[in-house]
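FYI, it's all coordinate maths here, none of it is from the lab. Just so we're clear, the structure is a prediction, and the values are computed from it rather than from any experiment. No Cβ is skipped: glycine too gets one built from the backbone with ideal geometry, and neighbour counts run over all protein chains shown.
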Amino acid sequence: MKKQILFLVFTAFASCFVSAQSFEITPSYGYQFGTKLSYGPNYIKMEDSDQFGINLGFELQTGMMLDLSYYNMSSEVRIRDVIVAPFEQRLADLNLDWFFIGATRYLQSGPLKPFAGGGLGLVIISPKNENPDILNASFSNETKFAFSFKAGVNYMFSDVIGINLQGNLFFPVNYGGFYVGSGGAGISTGSTVILGGFSGGLIFRLDTGQKKTD
């Protein structure tokens, strides 16, 4: 799966680079808020964590960017369950790899550029280091479709270098969480997961010399 994703990303990168007026590379680092899934009087929650990522933006029209994005989050999942964990305990570590293709619209020109955008892609959810006091089996990795939304501002110190500040929302589609039981691991809680956070990064912008004339 990851090899297929990398191949698609490389193909999209090559196609966009050929037709882009300019492109931006933005490595970023940020803070990701956790989330909680409730089932009856019990809950499973993902703790707050850090977040790092990289965004490749291709200006196909003035003020409109096509984005290829990757984000990573590593967190801890905790559980309180009246049967298996009456007091909150660590359930497992959790790694999330997000891949998106989307668009960003700059809302004004000039050095200060507020923007909004979104993307469609997938997330690979990888639990590990499960708590053996609660589980007698391991969780399986899952791949889910996902959406993302972002808004923020870029400030360009020059034509080449700038700074990015933004807020992010991530939505895995049809992800119900974990199940814990005597037979192993596996349940859906039926809750919708929304992950929000914010990040900052450096922008490196290069023109390709393919400016379009009106």
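Things to note:
- Cα-based radius of gyration of segment 17-150 once divided by 2.2 N^0.38 Å, which approximates compact folds: 1.35
- Sorted by Cβ neighbour density within 10 Å, fewest at the top, the residues I83, I124, I194, I44: I83, I194, I124, I44
- Distant-in-sequence amide H partners of V173 (H built 1.01 Å from N, under 5 Å): F145, A146, F147
- Amide proton proximity set for Y39, modelled H, under 5 Å, gap of 5+: I44
- Here the simple spin-label model places points 7 Å from the Cα toward Cβ, and for N129 and A103 these points are separated by 4.2 nm.
- Backbone geometry of segment 161-171 corresponds, through the Karplus equation with coefficients 6.51, -1.76 and 1.60 at θ = phi - 60°, to 3J(HN,Hα) couplings of 10, x, 10, 10, 10, 7, x, 10, 10, 10, 10 Hz, x marking Gly and Pro.
- Cβ-Cβ FRET estimate between N72 and L206, R0 fixed at 30 Å, reported to 0.05: 0.75
- Remark: Y155, Y71 ranked as Y155, Y71, counting other beta-carbon atoms within 10 Å and listing the fewest first.
- Under 5 Å between amide hydrogens, built in the peptide plane, is the criterion, and for D48 it picks out G34 among residues at least 5 positions away or on other chains.
- Radius 11 Å from Cβ of R205, net charge of other residues (Lys, Arg +1; Asp, Glu -1): -3
- Separation of the I83 and L165 label points, Cα + 7 Å toward Cβ, nm: 4.9
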